[in-house]
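The values are calculated or read from the model by the stated rules, or taken from the named source; none is laboratory data. Nothing here was measured: the structure is a model prediction, and the numbers come from that model. Here Cβ is always computed from backbone atoms with ideal geometry, including for glycine, and neighbour counts include all displayed protein chains. Remember, those area values only see protein heavy atoms, side chains included, never the ligands or the DNA or RNA. Shrake-Rupley method; radii C 1.70, N 1.55, O 1.52, S 1.80 Å.
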Number of protein chains: 2
Amino acid sequence: MASSASMQPRGVYAAVLTPFTKELEPDPALFVAQCRWLLENGCDGLAPLGTTGEANSLSVDHRITLIEAAASSGLPMTKFIPGAGSCALADAVKVTRAAVKAGSGGALLLPPFYYKNPSEDGLFAFFSEVIQRVGDSRLKLYLYHFPQLSTVPITVPLIGRLMAAYPGTVAGLKDSSGDWSNTARLLKEFPGFGVFSGSEEFLLANLRAGGVGCISASTNVTAPLARPVYLAWQDKTAEELQKSLTEVRLILQSYPMQAALKQVCSIIQANPQWLNLLPPNRPLAAAQASELMARLTALSQMQAILGKAATKAA
Amino acid sequence: MASSASMQPRGVYAAVLTPFTKELEPDPALFVAQCRWLLENGCDGLAPLGTTGEANSLSVDHRITLIEAAASSGLPMTKFIPGAGSCALADAVKVTRAAVKAGSGGALLLPPFYYKNPSEDGLFAFFSEVIQRVGDSRLKLYLYHFPQLSTVPITVPLIGRLMAAYPGTVAGLKDSSGDWSNTARLLKEFPGFGVFSGSEEFLLANLRAGGVGCISASTNVTAPLARPVYLAWQDKTAEELQKSLTEVRLILQSYPMQAALKQVCSIIQANPQWLNLLPPNRPLAAAQASELMARLTALSQMQAILGKAATKAA
């Protein structure tokens with residue numbers, strides 16, 4: 001138990017953006033570069049191929065290509081929790097298997113999200129089938145609770161059944177509901193369960209309540225500000241750091257998230273390729289993009305991030 | 001225009017159920033048999049691999065295998081409008097291409113349904129990319145409006161833009177909203193557009209208002225009752241026939257649809273394999289199944305259908 005707990009993924013994770021070519025194909029080289037940059041600039045780990053990574057807009061082959069690109073580039077795969085969910089059982093199995101094979105620290109699974117109001121039995125059956133078909137004791141499954149997009153919540157009874165049936169495999173959850181009371185309840189119900197907040201807004205609160213950290217879209221940009229919160233979470237200073245971090249997050253989340261983050265990355269890295277998104281996602285309109293950059297530039301805590309970018313761009 | 005109109009898919013279509021083996025793999029032979037039975041028992045055409053066909057629970061390879069099984073079995077593919085949608089652009093392109101290659105009369109496309117409140121531009125871009133990448137003048141695209149499940153409506157402005165950009169390709173729509181006023185509006189806005197009702201409850205109303213027929217889940221069972229409504233739609237007698245048809249439909253739709261239809265098929269065909277569903281869908285509980293069968297058996301118009309079954313089963 002102690003050794004398993006010490007191995008438990010913890011800290012600041014980014015839901016890595018997926019870069020696309022003009023032809024809207026994923027760009028594995030730029031993806032790997034983004035992963036490396038994040039690990040060198042504040043991230044303890046990475047959760048690519050989630051909502052932020054536009055994974056549901058990608059084919060299974062695309063997803064596996066990106067997982068394998070990360071693995072073969074020598075990145076530390078134990079720090080990876082790739083998204084592996086799909087409405088299609090066979091696809092969820094295939095991507096989860098690829099994640100495990102690549103040595104990933106975990107796999108993040110959405111519930112099947114097409115049919116509405118599925119029964120708890122139906123969801124239990126889905127996750128059970130994935131676990132049994134993957135059939136690999138190395139699998140650490142993270143459930144992905146994001147009812148605003150998946151429309152299918154991961155409930156306390158479902159988690160309880162899965163943990164009882166697959167102890168050691170059902171390892172944690174990403175709570176992207178934005179509802180802190182839900183996260184707090186999960187932490188109370190399931191002590192030791194690896195609960196990540198879906199936003200760095202709740203990073204400090206989550207750590208202090210027994211959670212393991214955050215897996216966030218916006219840490220693609222804010223990782224250097226999130227890191228000090230994580231390092232100082234037991235100190236009083238953490239509160240000021242969290243406040244500064246939250247300020248940036250709240251600005252970013254007031255725009256369509258994938259588009260806003262790609263906009264900022266395109267500036268930080270001086271690479272317009274980051275503006276490519278798979279439909280139905282679209283880049284920000286020019287006026288929105290200018291407004292966003294103006295709001296971020298006005299924040300003192302963003303100077304280092306944008307300044308580093310400016311230097312890189314120069 | 002006249003010849004194109006005469007070639008336009010019309011009449012009673014079934015959203016064909018997908019049969020699964022115990023291992024939850026699609027069963028192409030039983031699928032082809034179901035297609036054949038439906039065409040011989042009241043269906044003018046077939047729309048497999050939709051919501052009823054659990055297509056979003058299937059991999060792309062599964063879907064293409066079933067399309068190719070139908071084509072290679074000698075079934076008349078011009079009568080087929082397979083579901084080809086996906087959240088993933090590359091997957092939608094792949095399945096649509098396979099449908100066209102197989103000689104299908106059309107392809108039925110859901111909008112990408114993971115991201116919520118996508119912009120009209122984003123949806124236009126998605127369907128445009130599919131059409132351009134498939135790049136085949138034989139493609140007849142049917143838009144699939146089912147906001148209760150997809151959460152993404154197909155709006156009048158979007159249809160207008162797509163029809164203007166791709167005349168002759170954007171051929172029609174399946175309206176599964178259950179909202180007759182929406183269907184009526186589409187028929188007024190777009191005369192000649194191939195609008196199918198998503199339920200045989202509106203078959204007569206749709207035909208009389210200028211629509212082309214229905215693509216329905218429950219016609220897997222009710223096709224023999226829907227056929228006479230279609231044949232008599234210009235006669236007064238059609239109203240009584242529609243009433244009798246609607247009575248059955250309303251019973252069926254008061255249960256989880258895929259499970260209810262598979263229950264009835266398992267009885268009609270005396271084949272328990274039909275009870276297999278992909279999670280998160282689950283079979284009806286025993287009590288629900290008995291209740292459903294009792295309600296159907298009590299209807300005089302179901303005697304021939306269930307009787308034929310009983311004979312077949314005997």
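In summary, chain B shows an alpha-carbon radius of gyration equal to 0.94 times the 2.2 N^0.38 Å reference for compact globular proteins. Note on chain B: antiparallel DSSP beta bridges, both residues inside, total approximately 5 percent of the bridges counted. Solvent exposure of the protein assembly as shown, expressed per residue, is 37 Å² of accessible area, with all protein chains present and a 1.4 angstrom probe. Close amide H partners of B:Leu108, meaning residues 5 or more places away or on another chain with modelled amide H under 5 Å apart, are B:Gly83, B:Ala84, B:Tyr142. Our analysis of segment B:105-247 gives Rg over Rh at 1.00, with the two radii drawn from alpha carbon positions and Rh computed by the Kirkwood formula. What ³J(HN,Hα) values, in whole Hz, does the Karplus curve 6.51 cos²θ - 1.76 cosθ + 1.60 give for segment B:219-236 when θ = phi - 60°, with x put for Gly and Pro? Ordered by residue, 3J(HN,Hα) equals 5, 4, 10, 8, 3, x, 8, 7, 3, x, 5, 5, 5, 9, 4, 8, 9, 5 Hz. In summary, the aspartates and glutamates within cross-link reach of B:Lys188, defined as a Cα separation below 18 angstrom excluding same-chain residues under 8 places away, comprise B:Asp175, B:Asp179. Taking 15 Å as the straight-line reach from the Cα of A:Lys22, the aspartates and glutamates in range (excluding those fewer than 8 positions away in the same chain) are B:Glu129. In summary, the lysines within cross-link reach of B:Lys79, defined as a Cα separation below 22 angstrom excluding same-chain residues under 8 places away, comprise B:Lys94, B:Lys101, B:Lys140, B:Lys174. Overall, the accessible surface of the protein assembly as shown at a probe of 1.4 angstrom is composed of carbon and sulfur to the extent of 56 percent. The separation of segment A:82-147 from segment A:149-209, counted between C-alpha centres, amounts to 16 Å. The mean number of Cβ atoms from other chains found within 10 Å of a Cβ in peptide B:256-263 is 1, as a whole number. Calculated on the alpha-carbon coordinates, the convex hull of the protein assembly as shown measures out at 151 cubic angstrom per residue. Remark on A:Ser216: its backbone amide H falls under 5 Å from those of A:Tyr13, A:Ala14, A:Ala15, a criterion applied only to residues 5 or more positions apart or on other chains, H modelled at 1.01 Å from N. In this assembly, the A-B interface accounts for approximately 3100 Å² of buried accessible surface in total, computed with a 1.4 Å probe and without ligands, DNA or RNA.
Computed from backbone phi, the HN-Hα couplings of segment B:161-168 come to 5, 5, 5, 5, 7, 9, x, x Hz, rounded to whole numbers (Karplus: 6.51 cos²θ - 1.76 cosθ + 1.60, θ = phi - 60°; Gly and Pro given as x). Among the residues of segment B:270-286, those with an accessible-area drop of 20 Å² or more from chain alone to full protein complex, heavy atoms and 1.4 Å probe, are B:Pro279, B:Pro280, B:Asn281, B:Arg282. Exposure check, 1.4 Å probe, all protein chains in place: A:His62 carries approximately 30 Å² of accessible surface.
For the residues of A:49-57, the average number of beta carbons from a partner chain within 10 Å of their own beta carbon is 3.
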